[in-house]
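Peer 1: My questions will all concern the structure given below.
The values are calculated or read from the model by the stated rules, or taken from the named source; none is laboratory data. This one's a predicted model, so the numbers in the text were calculated from it and none came from an experiment. Because the Cβ atoms are built from the backbone with ideal geometry, glycine has one as well, and the counts that use them run over all protein chains shown. Just so you know, the surface numbers come from the protein's heavy atoms only, side chains and all, with ligands and any DNA or RNA stripped out. Shrake-Rupley method; radii C 1.70, N 1.55, O 1.52, S 1.80 Å.
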Amino acid sequence: MYFFCFNHTADIISTVEFNHSGELLATGDKGGRVVIFQQEQENKIQSHSRGEYNVYSTFQSHEPEFDYLKSLEIEEKINKIRWLPQKNAAQFLLSTNDKTIKLWKISERDKRPEGYNLKEEDGRYRDPTTVTTLRVPVFRPMDLMVEASPRRIFANAHTYHINSISINSDYETYLSADDLRINLWHLEITDRSFNIVDIKPANMEELTEVITAAEFHPNSCNTFVYSSSKGTIRLCDMRASALCDRHSKLFEEPEDPSNRSFFSEIISSISDVKFSHSGRYMMTRDYLSVKIWDLNMENRPVETYQVHEYLRSKLCSLYENDCIFDKFECCWNGSDSVVMTGSYNNFFRMFDRNTKRDITLEASRENNKPRTVLKPRKVCASGKRKKDEISVDSLDFNKKILHTAWHPKENIIAVATTNNLYIFQDKVN
């Protein structure tokens, strides 16, 4: 087990994402930076070094801006990062803040050209009249340099804050979603996008819900889903009509009347939606639970996992300190058999779909020695507390894990606490 530590307020991690091979891991932060980590190649002598990640590249993706028309500051914070599948030696990723999406190319250079005819080695141009012989430039080896360059900037298409970007399985288009609209873009075209969902009412006083997350289906390029603050998920088919305001399927679970309270609507708001790799299921995260839905069954989820049910009695104080509005993400492992999501006190939860077992683990600096085995944690909701249990009242709500990611092929996970990135791997014998 090992972890990376950023110690600066601007370095509050706001998104974590593995690329398709799992070799690279990107994090975005509140200061608009993207930090990419690269997995070390397996060392045959030291097999425990498998999976170790080191900093590969760091670049400033977004800068703070000001919208003079609306007198609004636009934060530089990175809301989402999505990798494109690798097609050549370079890697490409999309990063977005509240308003602007950028396509970045990350490439390596380990050779440099030498022996120009019209240029000195330091870059100054020579007088052409002084050139008496022709040289053939050659490439010389140099220290490896990783360059990040912006290839496309997709701007001015969102009135509200962007909360999701998702790349289509055709790898040519992607969607971006804000509170009220979803746009479809082509990766090569920056000056126009198509509006495919618009839930903005004619009169804003009639607004009852907002879009909280959106994602393309992993295999079917015409299908996408978006979730709402009312706890519903709508599946849309772009073949049906150009504007997908009328959904093909609506996934919604009827509320249990015995649990009805003032906070019901707030805690039913979906903060994240993720398709399984197989495309058969999707997972949603609301404030207290994770639900797995079969795409063929709309009326209720096939599995429900309680993340921190012991907080139901604390909703009043969580409302007062605004924690009830925290947006937790969730993720699948590579085989779709385990799901993971974060909680408070730097706890994160894993649920095994086959054995129905669950575990609570803690990402903390006390565990930061390499190869430390994490001990399962238990929270005591009421009654007498056992020796190893933690009381609900002693949980630290300022320590929270909102962003998690799972390596697509191995049991390696990335967990972001406020400004620390922890990378854990399963025990290697």
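Peer 1: Stretched out fully, how many nm does the piece from residue 317 to residue 220 gain, at 0.36 nm a residue minus the Cα gap?
Peer 2: 30.6 nm
Peer 1: Computed FRET efficiency, Cβ-Cβ of residue 299 and residue 248, R0 25 Å: what is it to the nearest 0.05?
Peer 2: Once the sixth-power term is evaluated, E becomes 0.95.
Peer 1: While we're looking at this one, here's another question. Using mean Cβ contacts within 10 Å as the protection proxy, how do 188-198, 208-218 order, highest first?
Peer 2: 208-218, 188-198
Peer 1: Further, regarding this structure: Kindly identify the range 15-155 as rounded, prolate or oblate by the Cα gyration tensor criterion: order the square roots of the eigenvalues as a ≥ b ≥ c, call it rounded if a/c is under 1.5, otherwise compare a/b with b/c, prolate if a/b is larger, else oblate.
Peer 2: Here the range 15-155 falls in the oblate category.
Peer 1: Any chance you could list P(r) for the range 159-202, counting all Cα-Cα pairs in 5 angstrom bins from zero, rounded to whole %?
Peer 2: The calculated distribution, bin by bin, is 6, 23, 30, 24, 12, 4, 1.
Peer 1: Estimate the FRET efficiency between residue 205 and residue 266 by the formula 1/(1 + (r/R0)^6), using the beta-carbon distance for r and 30 Å for R0, to the nearest 0.05.
Peer 2: FRET efficiency, residue 205 to residue 266: 0.90.
Peer 1: Could you pull out every one of the aspartates and glutamates with an alpha carbon less than 14 Å from that of residue 274, ignoring same-chain neighbours closer than 8 positions?
Peer 2: Partners found: 17, 215, 286, 294, 329, 336.
Peer 1: For the pair residue 107/residue 153, report the inter-label distance in nm, with labels modelled 7 Å from Cα in the Cβ direction.
Peer 2: Spacing of the two 7 Å Cα→Cβ label points: 2.0 nm.
Peer 1: Mind giving me the FRET efficiency for residue 239 and residue 381? R0 is 41 Å, r the Cβ-Cβ distance, nearest 0.05 is fine.
Peer 2: It comes to 0.30.
Peer 1: First check a/c for the range 271-369, with a ≥ b ≥ c the square roots of the eigenvalues of its C-alpha gyration tensor; if it is under 1.5, answer rounded, and if not, answer prolate when a/b is larger than b/c or oblate otherwise.
Peer 2: oblate
Peer 1: Return the carbon/sulfur percentage of the accessible area of the chain, one whole number, probe 1.4 Å, all protein chains in place.
Peer 2: Ligands and nucleic acids excluded, carbon and sulfur give 49 percent.
Peer 1: Right, here's the next one. Per residue, how big is the convex hull around the C-alpha atoms of the chain? Give it to me in cubic angstrom, could you?
Peer 2: Hull volume normalised by residue count: 198 Å³.
Peer 1: Which whole-Hz couplings ³J(HN,Hα) result when phi for each residue of the range 116-130 is put into the Karplus expression 6.51 cos²θ - 1.76 cosθ + 1.60, θ = phi - 60°, listed in order with x for Gly and Pro?
Peer 2: Each residue of the range 116-130 in turn: 6, 8, 9, 10, 6, 5, 8, x, 6, 7, 8, 6, x, 5, 8 Hz.
Peer 1: While we're looking at this one, here's another question. Under the rule of -39500 (n - 2.57) per DSSP H run of 4 or more residues, summed and divided by the residues of the chain, what mean residue ellipticity at 222 nm is obtained, to the nearest 500 deg cm²/dmol?
Peer 2: -500 deg cm²/dmol
Peer 1: Next question. Mind checking the full-extension length gain between residue 171 and residue 135? Use 0.36 nm per residue of separation minus the Cα-Cα distance, one decimal, nm.
Peer 2: 8.7 nm
Peer 1: Then there's this: Can you bin the range 94-234 into rounded, prolate or oblate? Criterion: square roots of the alpha carbon gyration tensor eigenvalues sorted a ≥ b ≥ c, rounded for a/c under 1.5, prolate for a/b above b/c, oblate for the rest.
Peer 2: prolate
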